[in-house]
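S.K.: I'd like to ask some things about the structure below.
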Amino acid sequence: MQHTLCCAIVGALMAIAMPAISEADTLESIETQLTERWSRISGFSATMHVEVDMTRSRIRVRSDMSGPLLVQRTENGVTRHRSELAGRTKAGPLGLLRADAEVLTVSTGDVTFTEQRVRDEIKVTRSKRPDPTAPGGGDRISSMKDRYTLRALPRERIGGREALVIEARSRNPKDEPVDRIRMFFDADTGIQLRITMFDDRGREITKVSFRDIRINPIIEDDAFEYAPPEGVPITEKEAE
């Protein structure tokens, strides 16, 4: 009887000490979880940090930028966002071409405006293409299915928080500088914590991270309105 009691105690202690083993996440289960969690909040604010190191047309471009981010989910379920990034950009084989840069992005959910300022030059583009760096939840997954093949990866920890992980691979890699995108979503809130992009050689070319996250802040509607500077034309970025 004493032996049986000891075995029972050891078994109970083992059950407490060992974490429960859950089934592996699937793309469908992650999308369901994110959609459910994302529906609980109306938006969030954060500090957005973007690191880029990529080569295009034999020119290496590096940049390190950060700034405030606002994200809002409207009553009809549309996610819109605004980010204002500033930092330094380097270009050329030795990084000799250096300049301060600012990038303003305003998305209504259907259309995204991007205003880039480098030195004294200003460029504005308008696009209806899904933005792979746009923050969000389950809606981010559904918006990418037409252009990317998606799969679920094992969970990871980002900044001490458990993250659901999805990898997206371009369906037209020859037309895209980005071959794969890895997205990390907070398992509790459904908010994106990090986005990492890779080229066709598996090299990390862009990392976007979100810190200092505040859930359900007060955001005025005019934060998502945009008008270009006077005299600056808008270039249409065609959807592929």
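Laboratory data are not the source of any read-out in this text; all were calculated from the coordinates shown. All values derive from a computational prediction rather than experimental measurement. Quick reminder, even Gly has a Cβ in these numbers, built from the backbone with ideal geometry, and neighbours come from all protein chains shown.
S.K.: Which Cα, out of Ile59, Val118, Val165, lies furthest along the positive dipole direction of segment 24-237 (beta carbon charges, K/R +1, D/E -1)?
M.R.: Final value for the positive-end residue is Ile59.
S.K.: If you don't mind, there's one more thing I want to ask. Among 24-35, 214-225, 181-192, how do they line up from the highest to the lowest mean number of other beta-carbon atoms within 10 Å?
M.R.: Highest mean packing first, the order is 181-192, 24-35, 214-225.
S.K.: Let me ask you something else. Which length gain, in nm to one decimal place, applies between Ser57 and Ser142 when the Cα-Cα distance is subtracted from 0.36 nm times their residue separation?
M.R.: Length difference between fully extended and current span is 27.4 nm.
S.K.: In addition: By per-residue mean of other Cβ atoms within 10 Å, what is the highest-first order of 113-124, 43-54?
M.R.: On the way: 113-124: 14.7, 43-54: 18.8.
Highest-to-lowest ranking by the protection proxy: 43-54, 113-124.
S.K.: With a 10 Å radius around each residue's Cβ, average the other Cβ atoms per peptide and rank 145-154, 79-88, highest first.
M.R.: Order by mean packing, descending: 79-88, 145-154.
S.K.: Rg and Dmax of segment 24-237, Cα atoms, in Å?
M.R.: Using the Cα atoms of segment 24-237, the pair Rg, Dmax is 17.1, 54 Å.
S.K.: Convert each backbone phi in segment 99-109 into a coupling constant with the Karplus relation 6.51 cos²θ - 1.76 cosθ + 1.60 (shift: θ = phi - 60°), then list the ³J(HN,Hα) values in order as whole Hz, x for Gly and Pro.
M.R.: Each residue's phi maps through the Karplus curve to give 7, 6, 9, 9, 10, 9, 10, 10, 10, 8, x Hz.
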